[in-house]
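Written below as structure tokens is the structure these notes are about.
Values quoted throughout were computed directly from the atomic coordinates according to the rules given, and no laboratory measurement underlies them. Bear in mind that the values here come from a model prediction, so they are computed numbers and not experimental data. FYI the Cβ positions are ideal-geometry reconstructions off the backbone, even for glycines, and counts take in every protein chain you see.
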Amino acid sequence: MEDNGGLGGTYDKLVCQEDFDDIDEYSLHSNQENQQASVSILRLGSRIQSRSVAVSLTVLALLLLSTDIGLGVYYRQLRDGHRTISDITSELANLQGVYSAAIQSRDEVRRQLSKELNEQKVTKWELEHQQSRGKEYEKQADKLKVDIAMLSSHVPLITEGCRHCLPGWTFANSQCYYLAFSDALPRRSWQDARTFCKKQGGDLVVTDTREKHLAVHDLINTYHIPIRHTHLTGFWIGLRDVEEEGTWRWLDGSLLTEGYWNFGEPNNQGEEDCAATYPKENPFRTWNDAPCGYSLKWICEMEPRS
Ligand code: 2F8
Ligand code: CA
């Protein structure tokens, strides 16, 4: 028997076993031919088996390769997934930083706003305070204007008329005038006002010329800021129409020739027989007729004394 070696040897033994079973049916010659045929078959079988193994190995290799590829893909996906999570984590951290900065900024703006609102409130109070101070100053300024005007009106009195007018009287247009501005002198009726003037040595003013009228108008407006006509701001003058309604006469009985009545006056509303002049801007519209018993201020006139 030919030694086939390796795997061939093993097949020989198997074949020899089968051959012993058939030994009675075949001759030795035919046994030899049969053995050669068997060896050929065995060799063929051995080749077929080697191929199967090779195919199996190839299949296995392919399986391994595809598994490797699959694992590679899976690993890549895992790695990409990991990268995405790490990106999200870092983005989240970044956003948290931005959010904290925004909160801080918002708190700062709130603090600033509250501070500014407070400052605004204080400014408003300050404004109110200054406005009320401004009003006070305006009042004081008005009062000072009156004082200055009064003092100014005394200048001619001092320089040229001091010798001629009593203290408290004002020299103007060559006459001495007393304007009862003082609050210490309450308003009174036409008759009582006249009595006051007479006691001083004068009489109610008689503005029977344009010059005198304008001089008295200036004196009134010097002390008084010209205002709208009100019933209580008038000054009695020496003019009446007691004897005959509508016939206005001065104290000496002379007839009125040029009047400076306000619009619609004299209107003898009720019974108004005494004339008064009022602080008004327009000097030609200053008179009104009022009831003689009505209480008003007054203006006295006196010749300067030497
Ligand atoms: O409107 C003019 C009118 O005003 C007052 O009466 C409401 C005067 N009265 C007194 O001064 C007392 C009127 O004389 C004057 O005509
Ligand atoms: Ca009147």
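Before moving on, here are some points about what is shown:
- Net +/- balance of residues flanking Thr247 in space, Cβ distance below 13 Å, scoring K and R +1, D and E -1: -4
- Beyond 29 Å in Cα-Cα separation lie the following of the pairs Lys143/Lys280; Lys143/Lys212; Lys145/Lys297; Lys145/Lys212; Lys145/Lys198; Lys121/Lys145: Lys145/Lys198; Lys121/Lys145.
- Lysines whose Cα lies under 18 Å from that of Lys115, excluding same-chain neighbours fewer than 8 positions away: Lys124
- Net charge dipole size for segment 169-302 [Lys, Arg +1 and Asp, Glu -1 on Cβ; Debye, nearest 20]: 520 debye
- Measuring between their Cα centroids, segment 207-270 and segment 51-83 lie 129 Å from each other.
- FRET efficiency for the pair Leu63 and Ser100, taken as 1/(1 + (r/R0)^6) with r the Cβ-Cβ distance and R0 = 41 Å, rounds to 0.15.
- Using the Karplus relation 6.51 cos²θ - 1.76 cosθ + 1.60 with θ = phi - 60°, the per-residue 3J(HN,Hα) values for segment 203-208 come to 7, 4, 5, 10, 9, 8 Hz, with x marking Gly and Pro.
- Val109-Ser86 FRET efficiency (beta carbon distance; Förster radius 30 Å; 0.05 resolution): 0.30
- Amide H contacts for Ala172 (H built 1.01 Å from N in the peptide plane; partners 5 or more residues away or on another chain; cut-off under 5 Å): Tyr177.
- Relative contact order (percent, whole number), segment 169-302, Cα cutoff 8 Å, 6+ residue spacing: 37 percent
- When the charge dipole of segment 169-302 is built from unit charges on Cβ atoms (+1 for Lys and Arg, -1 for Asp and Glu) and taken about the Cα centre, the candidate among Ala215, Gly246, Thr286 whose Cα reaches farthest toward its positive end is Ala215.
- Two-site FRET efficiency, Glu303 against Glu136, from Cβ-Cβ distance with R₀ of 41 Å, rounded to 0.05: 0.45
- Scanning residues 5 or more positions from Trp298 or on other chains, those with amide H under 5 Å from its amide H are Ala180, Trp236, with H placed 1.01 Å from N in the peptide plane.
- Additional length obtainable on full extension of the chain from Arg51 to Leu71, 0.36 nm per residue less Cα span: 4.3 nm
- Fewest-first sequence of Asp241, Asp80 by Cβ atoms within 10 Å of each Cβ: Asp80, Asp241
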